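Taking it in order: structure first as structure tokens, then the write-up.
The values are calculated or read from the model by the stated rules, or taken from the named source; none is laboratory data. Not measured: the values here are computed from a predicted model. A quick note on method: Cβ atoms are made from the backbone with ideal geometry, for glycine too, and the neighbour counts reach across all protein chains shown.
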């Protein structure tokens, strides 16, 4: 996997670089802001761009702006944004694109899980921090699509949002894969995700879920 990193904190930037190199991946660029990242992406065609949400010069949403540029100009490049705090509204439009992830920075400490999430995003999947999903669930419990889901179905959908497969969800919840498949079918039906569309139904389900919750805030 070829990786470009944009992180203004020197220690974290160097730590991420070492993390990927030690895992036999190639870091083709590591920068303290987003200004040089587009040129690096054009030159190296990385599999994954990792960006802090808040970076110079304004420390607001530079990482999300970079993520949108990447997905618009190079949709095959995975983008994983990192944040110190839960900031969900401005990233919702990116969730349904595939090859996008949003994790809190402390997830980096769980090295194996973090690298697995990075690989999923690079492969075109998703990886959403459970705290991000939980924050939206807590903010929108009265939203109709959410209200139709059982507690277990919400739990399954939260893990789907993290990017876990049915097998991964089954292992996390200590359920059989067949049981998880049934829950996923119910979730898709209740969120009215049609089965005759092109694209990733799981991503569309998560996107519909998060948007419906955000509308109540």
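Summary table
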{"item": "Matching residues, region 94-115, being within 9 Å of the chain's Cα centre (by Cα) and more than 18 Å from residue 53 (Cβ to Cβ)", "result": "98"}
{"item": "Given (1) at pLDDT 70 or above; (2) at negative phi; (3) surrounded by fewer than 20 Cβ atoms within 10 Å (Cβ to Cβ); (4) under 21 Å from the mean Cα position of the chain (by Cα), index of the condition residue 160 fails", "result": "(3)"}
{"item": "Unique residue being touching a strand residue (DSSP E or B) at 6+ places or on another chain (Cβ under 7 Å) and farther than 20 Å from residue 120 by Cα when the list is 30, 6, 39", "result": "30"}
{"item": "Enumerated strands (runs of 3 or more DSSP E) restricted to region 1-117, each holding at least 1 residues that are surrounded by fewer than 18 Cβ atoms within 10 Å (Cβ to Cβ), modelled with pLDDT of 90 or more and in contact with a helix residue (DSSP H, G or I) (Cβ under 9 Å, 6 or more places away or on another chain)", "result": "2-6, 26-31, 100-104"}
{"item": "Cβ-Cβ under 9 Å pairs, at least 6 apart or on other chains, region 43-59 side farther than 18 Å from residue 3 by Cβ, far side assigned to a strand (DSSP E or B)", "result": "54/83"}
